[in-house]
Amino acid sequence: ADAYQKGIRNFDHALALKAMTEYAESGRFGLKVYDKQGFLGNDADNESASKTVEYAYDDWCIAQFAKWIGNEEVYKKYTKRSLNYRNLFDPSTFHIRGKVHGFWYSPFDATEVNNFFTEGNSWHYSFTAQQDIDGLIKMYGGKENFLKKLHELFTTSKQLSGRDQSDVTGLIGQYAHGNEPSHHMAYLFNYGGQPWRTQEIIHKICTEFYPNNPDGLIGNEDCGQMSAWFVLSAMGIYEVTPGSGTYVFGTPLFDEVKINLENGKSFFIKTKNRTAANFYINNTWLNKKPYPFSYIKNTDFENGGELLFDMSAVPNKQRGAADDM
């Protein structure tokens with residue numbers, strides 16, 4: 001879906017959609033139960049909470065692909081399925097919570113690493129709704145509550161509990177940078193109107209968690225994702241929702257980055273007043289015009305151009321605070 005969105009389309013689209021839907025509707029890994037009841041419980045398959053939220057995002061990708069190639073029936077069906085994560089969202093705790101035989105598993109401890117989650121706990125999956133961030137914010141009761149919970153994720157003093165899990169490393173509060181399910185979470189402050197908090201956390205991760213040593217990765221390099229996160233984040237951007245074509249701003253590490261595009265053109269990401277202490281974004285220009293948003297579309301890159309960040313030592317809390325980021 002992400003490849004198609006970015007213009008990589010030299011494949012059989014109908015066959016690709018058929019492969020997607022046949023897998024999603026197969027009997028593998030609890031998918032039949034997921035499709036029937038809108039979530040997985042651990043009575044049907046293990047790591048059920050993680051699978052539910054990840055299947056829901058996968059369903060959104062299938063829906064988007066179907067829409068693009070003109071299959072309205074699949075689009076509608078999978079758009080509905082993409083909201084299934086809500087069936088495991090517990091409004092009394094504001095957490096994704098596991099179920100057994102349709103009932104919440106108790107006692108519940110969000111820090112517990114257990115068999116409801118893949119290599120993690122509820123904290124590591126409770127913000128896994130990249131396909132429906134606005135809807136997730138509404139489930140929290142609005143931006144204020146959403147930001148409060150997100151802030152708690154990064155600042156809680158509570159320790160991990162439950163079984164030992166070697167993959168859960170690089171902790172900031174309960175955020176675990178060493179394991180990939182957490183990788184989009186620092187960028188979510190943008191959606192709540194506090195991009196400066198994203199900038200603080202991204203700067204901390206980039207400068208403290210990636211030392212130039214043989215053991216310079218703070219976690220498991222699954223398929224290159226630990227490095228891919230750093231490459232994009234060091235440029236000042238990150239695609240929170242692959243398939244959307246939207247890159248959300250973090251904070252750039254370099255004075256200038258040149259992106260060589262396949263059409264022979266170049267896109268530059270430049271900074272002004274950037275120092276080790278000046279990691280807050282004060283203002284932004286796209287192709288020399290003021291740019292008030294905290295994101296950029298991949299279509300803005302395609303024909304070349306320039307994105308300029310004016311950096312500061314103090315946060316500009318007005319920038320990016322509006323509903324349209």
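The values are calculated or read from the model by the stated rules, or taken from the named source; none is laboratory data. Keep in mind the model is a prediction, meaning the values are calculated, not measured. A quick note on method: Cβ atoms are made from the backbone with ideal geometry, for glycine too, and the neighbour counts reach across all protein chains shown. Ligands, DNA and RNA are stripped out before the accessible areas are found, and what is left, the full protein with its side chains, is counted by its heavy atoms. Shrake-Rupley method; radii C 1.70, N 1.55, O 1.52, S 1.80 Å.
Things to note:
- Which listed residue, of 70, 41, 30, is outside any loop (DSSP other than H, G, I, E, B) and among the small types (Gly, Ala, Ser): 30
- In segment 197-220, residue most open to solvent (accessible area, probe 1.4 Å) [restricted to those that are assigned to a helix (DSSP H, G or I) and touching a helix residue (DSSP H, G or I) at 6+ places or on another chain (Cβ under 8 Å)]: 197
- Scan segment 42-66 for residues that are free of Cβ contacts under 8 Å to residues at least 40 places away in the same chain and farther than 26 Å from residue 183 by Cβ and the total you get is 1.
- Qualifying positions in segment 246-294 - aromatic (Phe, Trp, Tyr) and surrounded by fewer than 16 Cβ atoms within 10 Å (Cβ to Cβ): 254, 268, 285
- Count of residues meeting criterion [free of Cβ contacts under 8 Å to residues at least 24 places away in the same chain and either under 28 Å from residue 312 (Cβ atoms) or not acidic (Asp, Glu) (or both)] in segment 241-268: 7
- Restricting segment 85-116 to residues that are touching a residue at least 60 places away in the same chain (Cβ under 8 Å) and either open to solvent by 40 Å² or more (accessible area, probe 1.4 Å) or in contact with a His (Cβ under 7 Å, 6 or more places away or on another chain) (or both), the residue that is nearest to residue 133 (Cα to Cα) is 110.
- Positions within segment 7-56 being open to solvent by 40 Å² or more (accessible area, probe 1.4 Å) and among the aromatic types (Phe, Trp, Tyr), in sequence order: 11, 23, 29
- Any hit, segment 72-86, residues being touching an Asp or Glu at 6+ places or on another chain (Cβ under 7 Å), modelled with pLDDT of 95 or more and under 27 Å from residue 166 (Cα atoms): no
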